[in-house]
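Here's the structure, in structure tokens; my notes come after.
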């Protein structure tokens, strides 16, 4: 799963990966040390005394998401928590301390394109990539060389750090010395839409929750009304009303994304009263954190529309194809889009000129679905 929602309604195809600078690595390491008392590390042990398979002890079902925040670089969100730390013997829990001098590595088994992991200075950006986390060289877990923090990153294709994004990655642990078998595969979700604690300003937190609630309800209402009009247009052949409700013209303030974005702008303006002016340094939440959180709500409502209306993205694109004409790419002569939402733009294939692509770029979390959900008789 990849979600990427930009609050101004624009989106860009593709993903770009980034390698952090040495200075950033040092800064992240310092952050890990400073925040050590405020997080839950992943315990690394074995399921046997001196042998068996590696075990990763962490409440993945209870804490499946990692909160990544603006790292101070364009399009980059990161976190160094949770870290890794050796486990002590807990036979009743089925976990044993590793043999001393066991070097444990991390291998990526699956990941979304916008996710990157750094182990030390080694980027793990592809499935199958791996690196040694550290060596368990002390019976004191805190002092062990296996007490380390990887850097988990979500990398965007935009410099706008008010963009909501999330992605998953899966990994397993391995013993570089070959004594222990590999661990089971674990999965974490990285998200920049999760708010940190608002205890220092509960009034601000309450205001954000209230505005998020109104925005999500309003988005669902407008989009569901639009989908209802699409279905009605299919039945009647009359598309005028549906086009008015569902226009995705980014230059029109009265288009569907225009109205949704205006509602969000108004909601953020209202937050000044409870939270104060938002900025890169505002507390308890920065401008980036507020916008990405609101973007998360927008994404979830688009997912709900896709769950309620079968093949919503395809149906919406079909309305534009019928009423405004489908777009194609003239690859043989001009290399330009003919008709459709991107008429006159350069292209290499018809998809770049299609209404379905334009709708997907406008509503990045609106997806089609497969299957009828029942058993065939």
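Look at segment 266-296 and say how many of its residues are within 22 Å of the chain's Cα centre (by Cα) and assigned to a helix (DSSP H, G or I). Qualifying residue count, segment 266-296: 11.
Of the residues making up segment 273-281, not a single one is free of Cβ contacts under 8 Å to residues at least 24 places away in the same chain and over 30 Å from residue 153 (Cβ atoms).
For segment 82-98, which residues satisfy the criterion of being part of a loop (DSSP other than H, G, I, E, B) and more than 13 Å from residue 145 (Cα to Cα)? Within segment 82-98, 82, 88, 89, 94, 97 qualify.
Summed over segment 203-229, the residues that are more than 30 Å from residue 285 (Cβ to Cβ) and either in a loop (DSSP other than H, G, I, E, B) or without any contact (Cβ under 8 Å) to a residue 60 or more places away in the chain (or both) give a count of 3.
Within segment 241-257, none of the residues are surrounded by 21 or more Cβ atoms within 10 Å (Cβ to Cβ) and farther than 30 Å from residue 371 by Cβ. If you go through segment 335-358 one residue at a time, do you hit one that is surrounded by fewer than 20 Cβ atoms within 10 Å (Cβ to Cβ), in a loop (DSSP other than H, G, I, E, B), touching a residue at least 24 places away in the same chain (Cβ under 8 Å) and not assigned by TED's automatic domain parsing to the domain that holds residue 240? No - not one qualifying residue is present in segment 335-358. Residue 232 meets all of the listed conditions (1) assigned to a helix (DSSP H, G or I); (2) farther than 26 Å from residue 71 by Cβ; (3) under 26 Å from the mean Cα position of the chain (by Cα) but one, namely (3). Residue check: residue 281 meets all listed conditions (1) surrounded by 12 or more Cβ atoms within 10 Å (Cβ to Cβ); (2) assigned by TED's automatic domain parsing to the domain that holds residue 218; (3) out of contact with any strand residue (DSSP E or B) (no Cβ under 9 Å at 6 or more places or on another chain) but one, namely (1).
The values are calculated or read from the model by the stated rules, or taken from the named source; none is laboratory data. Everything quoted here is computed from the prediction, not taken from an experiment. All Cβ positions, even for glycine, are placed from backbone atoms using ideal geometry, and neighbour counts span all protein chains on display.
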